[in-house]
Amino acid sequence: MISYNTDGVKMPKIRRRDTSAWIKNVAATYGKKVGSIAYIFCDDEKILEVNKQYLQHDYYTDIITFDYCEDEAMMGKKNTISGDLFISLDTVRTNAEQQGATYEEELHRVIIHGILHLVGINDKGPGEREIMEAAENKALAMLDDNK
């Protein structure tokens, strides 16, 4: 199940049914099923608070992904992804402006970025950022195919 929630912000205009189907399709290309995914759309202040409290990071970011896949594996669901994904709509808007993308394009990129983390793609090590970007672009092309 995929849920969309807000904390201190207005719900972004996304087509939830289409977005959920897209997320499930992307996960399936990695041999994964979607378990419990909760998106929490928030502002910069909330994401900074979450970043400090849980990760001891004192900076803003566009997304924080809490991965519960290990919990699923312990319950015998080893191919199931689950997690909470906090997305700062403020940072998404800023990033879109800086990268010359539309707000909607950047929001979809961030939405799927968290899912790609849950299927096992990282972006912090040498060469990993390029792998993540390629995976994001492939996933975004799948979204465009569904429109």
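Looking only at residues that are at pLDDT below 95 and not polar (S, T, N, Q) in the stretch 41-65, which one is nearest to K13 (Cα to Cα)?
Y60
Can you report the number of residues in the stretch 93-134 which are within 14 Å of the chain's Cα centre (by Cα), assigned to a helix (DSSP H, G or I) and farther than 22 Å from F41 by Cβ?
Here the count works out to 1.
So K46 ticks every box in (1) in contact with a helix residue (DSSP H, G or I) (Cβ under 7 Å, 6 or more places away or on another chain); (2) surrounded by 14 or more Cβ atoms within 10 Å (Cβ to Cβ); (3) part of a helix (DSSP H, G or I) but one. Which box is left unticked?
K46 satisfies all of (1) in contact with a helix residue (DSSP H, G or I) (Cβ under 7 Å, 6 or more places away or on another chain); (2) surrounded by 14 or more Cβ atoms within 10 Å (Cβ to Cβ); (3) part of a helix (DSSP H, G or I) except (1).
Would you be able to tell me the number of residues in the stretch 82-112 that are out of contact with any Pro (no Cβ under 9 Å at 6 or more places or on another chain) and either closer than 17 Å to Y68 by Cβ or charged (D, E, K, R) (or both)?
11
What pairs can you find where one residue is in the stretch 17-30 and in contact (Cβ under 8 Å) with a residue 12 or more places away in the chain, the other is part of a helix (DSSP H, G or I) and β-branched (V, I, T), and their Cβ atoms are less than 8 Å apart, with a gap of 6+ or different chains?
What qualifies is T19/I111; W22/I112; I23/I111; I23/I112; I23/I115; V26/I112; V26/I115; A27/I115.
Evaluate the following for A38: is it touching a strand residue (DSSP E or B) at 6+ places or on another chain (Cβ under 8 Å) and either modelled with pLDDT of 95 or more or farther than 24 Å from T94 by Cβ (or both)?
yes
Yes or no: T65 closer than 21 Å to Q99 by Cβ, of a type in the set (S, T, N, Q) and either assigned to a loop (DSSP other than H, G, I, E, B) or free of Cβ contacts under 8 Å to residues at least 24 places away in the same chain (or both)?
Criteria not met by T65.
Would you please name the residue that is nearest to K10 (Cα to Cα), looking only at residues in the stretch 80-95 that are surrounded by fewer than 21 Cβ atoms within 10 Å (Cβ to Cβ) and touching a Lys or Arg at 6+ places or on another chain (Cβ under 9 Å)?
So, considering only residues that are surrounded by fewer than 21 Cβ atoms within 10 Å (Cβ to Cβ) and touching a Lys or Arg at 6+ places or on another chain (Cβ under 9 Å), the one nearest to K10 (Cα to Cα) is N95.
Quick test of your reading of the structure: R15 fulfils all but one of (1) of a type in the set (K, R); (2) over 16 Å from the mean Cα position of the chain (by Cα); (3) under 25 Å from L140 (Cβ atoms). Name the failing condition by number.
Result: R15 fails condition (2) only.
For K138, all conditions in the list (1) closer than 22 Å to I47 by Cα; (2) in a helix (DSSP H, G or I) hold save one; what is the number of the exception?
(1)
Which of the residues belonging to the stretch 20-43 are hydrophobic (A, V, I, L, M, F, W, C) and either over 17 Å from L116 (Cβ atoms) or surrounded by fewer than 17 Cβ atoms within 10 Å (Cβ to Cβ) (or both)?
The answer is A21, A28, A38, I40, F41, C42.
Is it the case that E106 is under 21 Å from A38 (Cα atoms) and surrounded by fewer than 17 Cβ atoms within 10 Å (Cβ to Cβ)? Give the derivation first.
On the way: under 21 Å from A38 (Cα atoms): yes; surrounded by fewer than 17 Cβ atoms within 10 Å (Cβ to Cβ): no.
Against the criterion (under 21 Å from A38 (Cα atoms) and surrounded by fewer than 17 Cβ atoms within 10 Å (Cβ to Cβ)), E106 does not qualify.
The values are calculated or read from the model by the stated rules, or taken from the named source; none is laboratory data. Since we're looking at a predicted model, the values are computed, not measured. Positions of Cβ are generated from backbone atoms using ideal geometry, with glycine treated the same way; all protein chains shown enter the neighbour counts.
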